[in-house]
Each structure stands twice: as C-alpha cells, then as structure tokens.
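The values are calculated or read from the model by the stated rules, or taken from the named source; none is laboratory data. Nothing here was measured: the structure is a model prediction, and the numbers come from that model. Neighbour counts run over all protein chains shown; Cβ positions are idealised from the backbone, glycine included. Only protein heavy atoms, including side chains, enter the accessible area calculation; ligands, DNA and RNA are left aside. Shrake-Rupley method; radii C 1.70, N 1.55, O 1.52, S 1.80 Å.
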Amino acid sequence: ARTGRCRYASAGHNPALVVRAGGTVEQLPRTGPLIGLADGPRPTARTTLGPGDLLVAYTDGVVEARDDAGGQWQLDGLGPALLDCRTEHPAKIVEVVLADVLSHCGGRCTDDATVVVVRFDG
C-alpha cells in the first residue's frame, strides 16, 4: 500500500484497468485461463500505481451491457466514463459508471454489473 506496487491474477476474468492521474487508461494484461481450467498456481503479473492512479476491476455485465439494438457498452463506454470522473471519490466513480451502464441498457442489466475502484494516494 505504501509503494504502489501491485501483483494480480485475472484468472480468465476481464482485465483490470489502471486509470492514470494524468488522464490515460491502461488495460492490464490477462494472466491466465479461467479458474478450474488449469492445475497449479495461478500466473500473476505486476504493475505499479502512482499517486492519484485508480485500479478498476469490473464484471463482464458492465462492458457487455446491451442497448435496445444489442450494442454492448464495452471498454469504449467504460474508459471515457472513468476518465470523466477520475478525480472524484472512488465511491462516486462507481456510482457514475453504474449510472452510465444503466443508461446504456435502458435501466435493465441482464447480467451482474459490479465495479470496484481503488485510488492510490501515494
């Protein structure tokens, strides 16, 4: 927590994002297959957060939320939403992102939509 160094395993889930304080979004590399498809320890990777950076984890229901025409929200929706509110408190960022998801899908998600935001203050 003091250094900003982070080790993670995605285990087949959507890649976490790092929203840099300077205004860019980085998709962290995936680290391995779904849990249960491989034996042994999970492959991990590392990243480093700088002061003001956000680490964002989300479920597939966020980026796969569909509008009436069947279009998914995808990272094209998530990335800009995160950038627009990156200086807000993490709880507020979650509220804004989920409101945008609900707006995209007409107020009804057909899958779980979970977002976790952690800010590194350095």
> Which one is farthest from Gly61 (Cα to Cα), of the residues in region 1-18 that are polar (S, T, N, Q) and surrounded by 15 or more Cβ atoms within 10 Å (Cβ to Cβ)?
Replying inline: Ser10
> How many of the residues in region 24-51 are touching a strand residue (DSSP E or B) at 6+ places or on another chain (Cβ under 7 Å) and either open to solvent by 50 Å² or more (accessible area, probe 1.4 Å) or assigned to a loop (DSSP other than H, G, I, E, B) (or both)?
Replying inline: 10
> So which of Ala99, Ala21 ends up being aliphatic (A, V, I, L, M), without any contact (Cβ under 8 Å) to a residue 12 or more places away in the chain and either open to solvent by 30 Å² or more (accessible area, probe 1.4 Å) or in a strand (DSSP E or B) (or both)?
Replying inline: Ala99
> Say we look at region 72-96 and pick out the residues that are touching a residue at least 40 places away in the same chain (Cβ under 8 Å) and farther than 17 Å from His13 by Cβ; which of these is most open to solvent (accessible area, probe 1.4 Å)?
Replying inline: Arg86
>> So for region 28-42 (the condition being farther than 26 Å from Cys105 by Cα, touching a residue at least 12 places away in the same chain (Cβ under 8 Å), among the β-branched types (Val, Ile, Thr) and touching a Gly at 6+ places or on another chain (Cβ under 8 Å)), does at least one residue qualify?
In response: yes
>> With the structure loaded, tell me whether Thr114 is touching a residue at least 40 places away in the same chain (Cβ under 8 Å), of a type in the set (S, T, N, Q) and open to solvent by less than 30 Å² (accessible area, probe 1.4 Å) or whether it fails that test.
In response: no
>> Just to check your reading of the model, which residue among Ala65, Ala69 is surrounded by fewer than 18 Cβ atoms within 10 Å (Cβ to Cβ), more than 12 Å from the chain's Cα centre (by Cα) and of a type outside the set (Lys, Arg)?
In response: Ala69
